[in-house]
Amino acid sequence: MKTIYKRRSIRQYTDKKISIGDLEKLLKAGMNAPSAHNQKPYDFIVVTDKATLKKLSETGPYCSMLENAAAAIVVVSVADKETTPYWQADCGAVVENILLEATDLGIGSCWIGEYPVLEKSEKVKRILEVPTNYQVFATISLGYPLKEKQENDNYYPEKVHIGRF
């Protein structure tokens, strides 16, 4: 629970690079997320090239942190209603696992949603040469936090309904 409470969206990073070993830990965390019918319809694009991160930072109004990120993981999926009908839920679980592992490793992260904004996701697809039968679900910006944020302690009783709504 400590990692869950500590996880925050981090948009400002130091210049410190993320090791290949830590990037692999993040990917492994994502790959251990639950998946409907164990389909695992996702693929990952790991971006560490500064020029590519700069291009990605220009794909939408909420992507600017990518310009100074040490890395990004882009989660893509075959988006087929017949073979992978739950791809969005699967990818959401993948992203959350990566965010939690990043927090546990002391790496700052921010979930940048692409899908269902197709104009934005198409820009990312072009930059990263994603095949047409795949959909870009999200980009995860990664870097060591420039400053610490206070932990969350959220609980909203008005959101809880017992037995029925």
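The values are calculated or read from the model by the stated rules, or taken from the named source; none is laboratory data. Owing to the predicted nature of the structure, the values given are computational and were not obtained by experimental measurement. No Cβ is skipped: glycine too gets one built from the backbone with ideal geometry, and neighbour counts run over all protein chains shown.
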Subject >> Meets criteria (surrounded by 13 or more Cβ atoms within 10 Å (Cβ to Cβ), in contact with a helix residue (DSSP H, G or I) (Cβ under 7 Å, 6 or more places away or on another chain), touching a residue at least 24 places away in the same chain (Cβ under 8 Å) and of a type in the set (Asp, Glu)) for residue 114 >> reply: yes
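Restricting to region 127-163, and then to whatever is of a type in the set (Phe, Trp, Tyr) and in a strand (DSSP E or B), can you tell me which residue is farthest from the chain's Cα centre (by Cα)? Spell out the reasoning first.
Step one: of region 127-163, the residues of a type in the set (Phe, Trp, Tyr) are 134, 137, 144, 155-156.
The next check asks that each one be in a strand (DSSP E or B); those that pass are 134, 137.
Numbers: 134: 16, 137: 9 Å.
Among those residues, the one meeting the criterion is 134.
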**OP:** Answer yes or no as to whether residue 46 is outside any helix (DSSP H, G or I) and touching a Phe, Trp or Tyr at 6+ places or on another chain (Cβ under 9 Å).
**Re:** no
Original post:
In region 70-89, which residues are β-branched (Val, Ile, Thr), under 12 Å from residue 39 (Cβ atoms) and either in a loop (DSSP other than H, G, I, E, B) or under 13 Å from the mean Cα position of the chain (by Cα) (or both)?
Top reply: 83, 84
Original post:
Going through region 27-40 one residue at a time, which ones are out of contact with any Phe, Trp or Tyr (no Cβ under 9 Å at 6 or more places or on another chain) and either surrounded by fewer than 17 Cβ atoms within 10 Å (Cβ to Cβ) or more than 8 Å from residue 97 (Cα to Cα) (or both)?
Top reply: 28, 32, 34, 38, 40
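Among the residues of region 124-131, is any in contact with a helix residue (DSSP H, G or I) (Cβ under 8 Å, 6 or more places away or on another chain), under 30 Å from residue 151 (Cβ atoms) and crowded, with 22+ Cβ neighbours inside 10 Å? Give the derivation first.
Narrowing region 124-131 to residues in contact with a helix residue (DSSP H, G or I) (Cβ under 8 Å, 6 or more places away or on another chain): 124, 127-128, 130.
Restricting the remaining residues to those that are under 30 Å from residue 151 (Cβ atoms) gives none.
Scanning region 124-131, I find no residue that is in contact with a helix residue (DSSP H, G or I) (Cβ under 8 Å, 6 or more places away or on another chain), under 30 Å from residue 151 (Cβ atoms) and crowded, with 22+ Cβ neighbours inside 10 Å, so the answer is no.
Using the structure shown, decide if residue 83 is in contact (Cβ under 8 Å) with a residue 12 or more places away in the chain, polar (S, T, N, Q) and over 24 Å from residue 46 (Cα atoms).
yes
Residues are listed down the side, and each one gets a yes or a no for (1) closer than 24 Å to residue 126 by Cα; (2) within 17 Å of the chain's Cα centre (by Cα); (3) among the β-branched types (Val, Ile, Thr):
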position	(1), (2), (3)
20	no, no, yes
26	no, yes, no
29	no, yes, no
38	no, no, no
44	yes, yes, no
47	yes, yes, yes
51	yes, no, no
60	yes, yes, no
**OP:** Say whether the condition of being hydrophobic (A, V, I, L, M, F, W, C), modelled with pLDDT of 95 or more, within 17 Å of residue 133 (Cβ to Cβ) and touching a strand residue (DSSP E or B) at 6+ places or on another chain (Cβ under 9 Å) is met by at least one residue in region 78-91.
**Re:** yes
